[in-house]
Amino acid sequence: MINIENIQQKYLGIPYQLHGRDFSGCDCWGLVIIFYKEELGITLLDLENKNFCADWYKKDNFFVENYYKQWREVEHPQDYDICFFKNYEGHINHCGLILPNNIVMQTTQKHGVTFLPLHRLKSKIVGFYRLKQ
């Protein structure tokens with residue numbers, strides 16, 4: 001079982017870096033990729049072409065269509081599921097990882113990696129997804 005305090009110590013302080021995929025900096029999907037590889041030993045799908053336009057998330061649900069191919073939508077999240085968020089315009093542009101005790105680990109441009117209770121983020125969440133086995 002993964003200890004939440006150890007995870008917080010290991011990941012807190014990682015800065016936000018667009019298209020980052022390691023501990024020196026990562027974006028939201030990079031954080032999920034790092035966690036799954038480091039903690040669960042699972043390599044997740046990533047896009048090879050990371051040269052997105054500035055408004056990539058506005059085009060045909062780009063994020064969902066390109067990143068959750070390994071995932072299935074679920075109604076009730078469990079540990080290590082991911083959640084997708086919508087922005088103020090209603091576009092899906094962010095994801096986070098559900099940890100034990102309903103803590104969401106995410107990274108933002110302003111704060112880097114953060115940990116927040118799931119209930120504080122529910123109004124922005126558009127869905128939960130579980131890795132297909």
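The values are calculated or read from the model by the stated rules, or taken from the named source; none is laboratory data. Treat the numbers as computed from the prediction; the structure is a model and nothing was measured. Every residue, glycine among them, receives a Cβ derived from its backbone with ideal geometry; neighbour counts consider all protein chains shown.
I want to confirm something. Restricting to segment 18-55 and keeping residues that are assigned to a loop (DSSP other than H, G, I, E, B), at pLDDT 95 or above and of a type in the set (Gly, Ala, Ser), which single residue is nearest to Asn93 (Cα to Cα)? That would be Ser24.
The residue of segment 2-17 that is farthest from Val104 (Cα to Cα), among those that are without any contact (Cβ under 8 Å) to a residue 40 or more places away in the chain and in a loop (DSSP other than H, G, I, E, B), is Gln17. Take the conditions in contact with a Ser or Thr (Cβ under 6 Å, 6 or more places away or on another chain), part of a strand (DSSP E or B) and crowded, with 19+ Cβ neighbours inside 10 Å and apply them to Val113. Does it pass? Taking the combined requirement at face value, the residue satisfies it.
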